[in-house]
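Since every read-out is calculated from the coordinates, none of them should be taken as a lab result. Bear in mind that the values here come from a model prediction, so they are computed numbers and not experimental data. Because the Cβ atoms are built from the backbone with ideal geometry, glycine has one as well, and the counts that use them run over all protein chains shown.
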């Protein structure tokens, strides 16, 4: 799943659903990119995203910056189970 909505990690019911349903989420860290820039970023990272999707234990959350950096934490957002 891809999302810009990092706040779902702070809403207790949404966070609990992510954990309970074992969702894997890649959060895009900025909501200001143009669609073509987001598509270009996703395509450039596709191999690593596919590897993450196929191997990472769920639930998981990763944060992908517009510059292609991926991390477990963004500002004070993270998913710890």
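Observations on the model:
- Rounded to the nearest 0.05, the FRET efficiency derived from the C-beta distance between residue 43 and residue 21 at R0 = 30 Å is 0.65.
- Here the scattering of the stretch 2-78 is modelled by Debye summation over its C-alpha atoms, one equal scatterer each and no solvent; at q = 0.12, 0.18, 0.24 Å⁻¹ the log10 of I(q)/I(0) is -0.33, -0.73, -1.20.
- The ranking of 71, 13 by Cβ neighbour count inside 10 Å, starting from the fewest, reads 13, 71.
- Once C-alpha pairs closer than 8 Å and six or more residues apart are averaged by separation and normalised to the residue number of the chain, the relative contact order reads 35 percent.
- Zone residues, the stretch 1-23, relative to residue 56, backbone N less than 16 Å from point 7 Å out along Cα-to-Cβ: 1-9, 18-23
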